[in-house]
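Trainee: Sharing a structure with you now.
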Ligand SMILES: Cc1cc2nc3c(=O)[nH]c(=O)nc-3n(C[C@H](O)[C@H](O)[C@H](O)COP(=O)(O)O)c2cc1C
C-alpha cells in the first residue's frame, strides 16, 4: 500500500479500526518512531503531556493479553440477549497477536504537578489529552499504511500488572499496530450489522442542543 502524500482529510477518511487485516509482518522501528512522534506532538492540558507508550512485542506477552481479552469477550457475549449474541459472534474485536506490536497508552494524572493549567474545573481534560495523542498516532499510522486497532476488552488491573505500570499510572488503551493488506471502507460494526453511524446533521446543533 502506498500512502505517500495523503492529506489529513484523506487519512481521516481512510482510517479504520483494524482487527482482521494485519499482514503478520511487524512495523519497522523507523516507522514506529515517526508514528510515536506524531502522538507525542498532541495538544495537552497545561502542556502536561500525561501519556506514556509501552511498546510490547514479546510473543508471550501478546499471547497472555490475547487470552485475557478472549475471556472478557466471552463475559460480554454471555451478558447479551440471544439475538445480539448472534450478531456479535462473527465480529473480531482484536488483532493482538497478528499485529505483532501492541502499544499500551497510559495516563499519569500526577504529570504536570499539582496546578495543571486548565484542569482545575474539568479533571477529565487530562485523559482527553492522552486520547488526542492516540488519535494523532492513529492518523499518522494510517498515512504510513499501518493499521491500528483499539482494544478495550480488558481489566485495567490485569494490564497494569502485565506491563508493569507504576502506582498512579493507569492504562487507557491497548493499540494493535501493524502493516495491513488493506483498510476496510466500512467499519466492521456496520458491516456486521452491530451498529451503524449516524448522519452529521443529527450531531450538529445550532445555538442550543435542541435545535
Ligand atoms: C475508546 C475506544 C475503544 C474501542 N475498543 C474496541 C475494542 O475493544 N475492540 C474493537 O474491536 N474495537 C474497539 N474500538 C473501535 C470501534 O469499534 C470503532 O472505532 C468503531 O466501530 C468505528 O469504526 P472505525 O474506527 O473503523 O471507523 C474502540 C474505539 C474506541 C474509540
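Trainee: Could you give me the residue pairs with C-beta distances under 8 Å whose first residue belongs to the range 88-99 and is more than 21 Å from residue 57 (Cβ to Cβ) and within 12 Å of the ligand (Cβ to nearest atom), whose second residue is modelled with pLDDT under 95 and in a loop (DSSP other than H, G, I, E, B) wherever it lies, and which are 6+ apart or on separate chains?
Mentor: Within 8 Å, no pair qualifies.
Trainee: Next question. Within the range 179-201, how many residues are under 27 Å from residue 91 (Cα atoms), more than 13 Å from the ligand (Cβ to nearest atom) and not in a loop (DSSP other than H, G, I, E, B)?
Mentor: Final tally of qualifying residues: 2.
Trainee: Moving on to the next point. Residue 148 - would you say it is in contact (Cβ under 8 Å) with a residue 60 or more places away in the chain and touching a helix residue (DSSP H, G or I) at 6+ places or on another chain (Cβ under 6 Å)? Reasoning before the result, please.
Mentor: Values: in contact (Cβ under 8 Å) with a residue 60 or more places away in the chain: yes; touching a helix residue (DSSP H, G or I) at 6+ places or on another chain (Cβ under 6 Å): yes.
Against the criterion (in contact (Cβ under 8 Å) with a residue 60 or more places away in the chain and touching a helix residue (DSSP H, G or I) at 6+ places or on another chain (Cβ under 6 Å)), residue 148 qualifies.
Trainee: If you don't mind, there's one more thing I want to ask. How many residues are without any contact (Cβ under 8 Å) to a residue 40 or more places away in the chain, out of contact with any strand residue (DSSP E or B) (no Cβ under 8 Å at 6 or more places or on another chain) and outside any loop (DSSP other than H, G, I, E, B) when one looks only at the range 159-169?
Mentor: Number satisfying all stated conditions: 1.
Trainee: Further question: Please determine whether any residue of the range 48-58 is farther than 21 Å from residue 151 by Cα and at pLDDT below 95.
Mentor: Taking the range 48-58 and keeping what is farther than 21 Å from residue 151 by Cα, we get 48-49.
Narrowing the set further to residues that are at pLDDT below 95 leaves none.
Scanning the range 48-58, I find no residue that is farther than 21 Å from residue 151 by Cα and at pLDDT below 95, so the answer is no.
Here's the yes/no breakdown for (1) closer than 18 Å to residue 135 by Cβ; (2) more than 13 Å from the ligand (Cβ to nearest atom); (3) outside any strand (DSSP E or B):
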| site | (1), (2), (3) |
| --- | --- |
| 5 | no, yes, yes |
| 10 | yes, yes, yes |
| 13 | yes, no, yes |
| 20 | no, no, yes |
| 25 | no, yes, yes |
| 32 | yes, yes, yes |
| 37 | yes, yes, yes |
| 42 | yes, yes, yes |
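Trainee: Of all the residues that make up the range 127-158, how many are within 10 Å of the ligand (Cβ to nearest atom) and in a loop (DSSP other than H, G, I, E, B)?
Mentor: The number of residues fulfilling the criteria is 3.
Trainee: Within the range 123-139, which residues are surrounded by fewer than 22 Cβ atoms within 10 Å (Cβ to Cβ) and either under 17 Å from the mean Cα position of the chain (by Cα) or without any contact (Cβ under 8 Å) to a residue 24 or more places away in the chain (or both)?
Mentor: 123, 124, 127, 128, 131, 132, 134, 135, 136, 139
The values are calculated or read from the model by the stated rules, or taken from the named source; none is laboratory data. As the structure is a computational prediction, the values presented were derived from the model and not from experiment. Cβ atoms come from the backbone with ideal geometry, glycine included; neighbour counts cover every protein chain shown.
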